[in-house]
Every structure is written in C-alpha cells, then in structure tokens.
1. Filter the range 182-203 for residues that are among the β-branched types (Val, Ile, Thr), touching a helix residue (DSSP H, G or I) at 6+ places or on another chain (Cβ under 7 Å) and farther than 27 Å from residue 263 by Cβ; which is surrounded by the fewest Cβ atoms within 10 Å (Cβ to Cβ)?
2. Give me the pairs: first residue in the range 27-44 and closer than 26 Å to residue 72 by Cα and polar (S, T, N, Q), second residue at pLDDT 85 or above and loosely packed, with under 13 Cβ neighbours inside 10 Å, beta-carbon distance under 7 Å, and six or more apart or on different chains, which are they?
3. Would you pick out the residues in the range 204-236 that are touching a residue at least 60 places away in the same chain (Cβ under 8 Å) and surrounded by fewer than 16 Cβ atoms within 10 Å (Cβ to Cβ)?
4. May I ask you to say which residue of 256, 264 is open to solvent by less than 40 Å² (accessible area, probe 1.4 Å), more than 21 Å from residue 200 (Cβ to Cβ) and modelled with pLDDT of 90 or more?
5. Quick check on my filter: what residues within the range 153-171 are modelled with pLDDT of 90 or more and open to solvent by less than 80 Å² (accessible area, probe 1.4 Å)?
6. Going through 199, 228 one at a time, which residue ends up being among the basic types (Lys, Arg), closer than 29 Å to residue 119 by Cα and within 23 Å of the chain's Cα centre (by Cα)?
7. Considering only the range 305-327, how many residues are open to solvent by 80 Å² or more (accessible area, probe 1.4 Å) and hydroxyl-bearing (Ser, Thr, Tyr)?
8. Could you identify the single residue in 150, 179 that is exposed (fewer than 15 other Cβ atoms within 10 Å of the Cβ) and either assigned to a loop (DSSP other than H, G, I, E, B) or touching a Ser or Thr at 6+ places or on another chain (Cβ under 6 Å) (or both)?
Amino acid sequence: NDIIDKRKARLETEKDKNDDPKFVKSLIELHEKYLGVIKTDFAGHSLFQKALKDAFVEIVNKNVGQYTNAELMSTFCDRVLKSGGEKLSEAEVEENLDRIVQLFSYLTDKDLFAEIYRNQLAKRLLNQRSASDDAEKVMISKLKMQCGTHFTSKMEGMLADLAVGSDQKTEFDAKLKQHNSKLDFSVQVLTTGFWPTYKSPEVVLPEQMSTCMGIFKDWHENKHAKRKLAWIHSLGNASVRGTFGKKSYDMQVTTLQAVALDALNGGKTLTFTELAEKLNLEESVLKPLMHSLSCGKYKVVTKTPASNKINSTDSFKANPKFSSNMRKLRIPMASLDASHN
C-alpha cells in the first residue's frame with residue numbers, strides 16, 4: 001500500500017493526469033521483487049504464488065484519483081511503444097511489455113484496458129508515432145495469449161489495414177500522375193469495425209482537394225465495388241507552404257487547418273461567421289481550429305480583437321508579420337474527439 005499512498009500524496013500537490021510512469025514502474029518493481037523471492041526462497045511453491053496473485057489483484061484494482069490503473073497502465077505502454085517516448089533498447093521494450101502484461105493479468109476490468117489501449121494504438125498508427133511495428137505486434141500477441149483472439153482481433157485488424165494501405169498507395173500514385181494533379185495526395189483506408197469512431201465534420205474543401213478525392217473514389221470503386229467510402233477529414237494531415245513577407249515556411253497541419261489557411265489565402269479578412277459558412281463548420285469545431293492558428297505557439301493567423309480566446313465576433317486574416325527561426329513548423333490542434341470516456 002506504500003506505492004498507493006505515495007501516488008495519493010503526489011496527487012495532493014500535482015495535477016492528476018492519465019500518465020504516471022513512476023507509479024506503474026514501482027508496481028512492476030514490487031511484483032518483480034516478490035516474484036523473485038518466491039522463485040529463489042520458496043522454489044515457486046503454488047501457495048506463495050496464489051498469495052502473490054491475491055495481493056496484486058487487490059493492489060492493481062485499487063484506483064486513486066480520477067484515472068483508473070487500467071488507463072495508467074495503457075498509457076505506460078503508449079510511452080514504451082511511441083517514438084520519442086521512453087528511450088529503450090529492443091530488449092528493454094520487450095521486458096517492459098512482459099512485465100506490464102503480468103500486471104494486466106490481475107486487472108478485473110480488462111475490457112476497459114482494451115478500449116483505452118485501442119484508442120492509443122490508433123493514435124500511434126494514424127499519426128505515424130509508432131516506434132516499431134514489430135513491438136506493436138509483440139504486445140498484441142502477449143495480450144492475445146492472456147485473453148484470446150476476440151480480445152485482440154480489432155487491434156490486429158488495425159495493423160492489417162495499414163499493411164494493405166502501403167501496397168495500394170503505390171498503385172494509386174501512378175493513377176494520380178495521369179491526372180497531372182498539383183497536390184501530393186494519399187489516402188489511408190480504414191475498416192470501420194476495427195477502429196475507434198471519430199467525429200467527422202463535413203468541411204467544404206478547396207477544389208484541388210475535392211478533385212483528388214474524386215479520382216481516388218473512382219479508382220477505389222473500380223477496385224472494390226461493394227465497399228462504401230466515408231471520409232474522416234478530422235484525421236487527415238497536410239503540408240502547406242506559406243509565404244510571409246520574404247520568407248516561406250513548410251507548415252505541418254491537419255486537413256482542417258489547411259482548409260482554413262486556404263480560405264484566408266491572398267490577404268483576405270473573414271469574420272468567424274463568414275468562415276463558419278464558407279467551410280460549413282460548427283462553432284465547436286471552428287473554435288479549436290482557429291485557436292490553434294491564431295493563439296498557439298505559431299500565430300500564422302491574426303485575430304481581431306487580440307486575445308487568447310476565440311469568440312464568434314472575431315475576425316481573422318493571415319499574419320503578415322509572422323516570422324520564425326524554423327523553416328518547418330508543426331502546428332498542433334486540440335483533438336475534436338474526447339478520449340474513450
């Protein structure tokens with residue numbers, strides 16, 4: 001209970017979040033310690049193994065704060081599997097995954113873990129943040145051994161979608177070249193049942209984007225006549241070249257941000273209401289979108305009146321005074337989807 005008390009004490013001074021690697025690591029270490037004692041001092045006697053299991057079922061299912069231990073454990077896996085997360089060698093990754101699966105075996109609500117894990121896996125895969133495909137497969141196979149095929153079938157489906165996608169990309173690229181498109185355009189096709197559900201605003205796209213989508217739709221229907229396509233623009237991303245004064249920048253943005261920047265291209269000033277009508281976006285989508293472009297680290301859009309909050313009475317234009325030391329800018333935007341809960 002010392003570990004749980006330490007987490008309680010920490011939460012009194014720190015903000016609670018779904019990421020507490022200290023807590024998860026101390027659970028892992030505690031489990032390793034007593035597993036070792038049972039192996040060396042008690043020759044792995046089944047009575048002691050049962051006592052260890054009972055104790056850990058009690059500890060692992062005792063939640064402190066607003067986030068469950070299932071979520072803390074899943075987020076720990078996310079850190080281990082994400083590029084730029086924990087700096088670990090291949091062997092260390094495998095060892096961490098082994099140990100977390102041991103803790104997972106004590107969880108009573110395994111389905112909650114699966115739901116959170118699948119959401120985080122989807123983010124890693126769709127944002128190209130996964131450090132290694134092999135490590136992802138290893139983790140899924142460990143969960144499969146614990147809980148059976150039904151538990152991991154969706155996760156395996158997600159990985160399969162991406163593998164198929166890379167083969168089809170080459171074929172579609174050749175088709176797009178025949179149409180002399182000015183855009184580099186690629187599509188990731190996902191199978192509805194495997195992935196979490198996402199909000200998808202029906203945004204009005206610039207003509208060049210719509211043309212590329214039309215070409216893809218025709219090509220896809222020729223190839224898979226019985227499959228219906230639904231576009232999820234909120235998951236797309238784009239690279240946009242922007243010129244401010246004499247300097248130009250490559251901006252890594254979401255599809256929605258790219259569409260908003262295109263609407264303000266050429267020095268246009270638009271009010272919040274005009275933008276909402278032009279792009280066909282609801283206030284709940286347009287507010288975080290314009291906040292990311294005018295109130296974030298890179299203020300590539302100027303809003304009037306200046307403030308850190310977006311109001312429906314604001315107006316927007318490209319920021320003529322924008323400058324940065326970086327040539328490549330990544331402009332993040334808050335997710336439109338609440339997490340699993």
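The values are calculated or read from the model by the stated rules, or taken from the named source; none is laboratory data. Here the structure is a predicted model, which is why all the values come from computation and not from measurement. No Cβ is skipped: glycine too gets one built from the backbone with ideal geometry, and neighbour counts run over all protein chains shown. Please note that ligands, DNA and RNA were not included when accessible areas were found on the heavy atoms of the full protein model with its side chains. Shrake-Rupley method; radii C 1.70, N 1.55, O 1.52, S 1.80 Å.
1. To start, the set of residues in the range 182-203 that are among the β-branched types (Val, Ile, Thr) comprises 187, 189, 191-192, 197, 203.
Narrowing further to those that are touching a helix residue (DSSP H, G or I) at 6+ places or on another chain (Cβ under 7 Å): 187, 189, 191, 203.
Remaining after also requiring farther than 27 Å from residue 263 by Cβ: 189, 191.
Working: 189: 16, 191: 13.
Top of the filtered list is 191.
2. No pair meets every condition.
3. To start, the set of residues in the range 204-236 that are touching a residue at least 60 places away in the same chain (Cβ under 8 Å) comprises 204, 234-235.
Within the range 204-236, just 204 meets the criteria.
4. Working: 256 fails: more than 21 Å from residue 200 (Cβ to Cβ).
That would be 264, the only listed residue that is open to solvent by less than 40 Å² (accessible area, probe 1.4 Å), more than 21 Å from residue 200 (Cβ to Cβ) and modelled with pLDDT of 90 or more.
5. Taking the range 153-171 as the starting set, the residues that turn out to be modelled with pLDDT of 90 or more are 153-161.
Hits for the range 153-171 are 153, 155, 156, 157, 158, 159, 160, 161.
6. Working: 228 fails: within 23 Å of the chain's Cα centre (by Cα).
From the options 199, 228, the qualifying one is 199.
7. 2
8. Numbers: 150 fails: either assigned to a loop (DSSP other than H, G, I, E, B) or touching a Ser or Thr at 6+ places or on another chain (Cβ under 6 Å) (or both).
One residue alone meets the criteria, 179.
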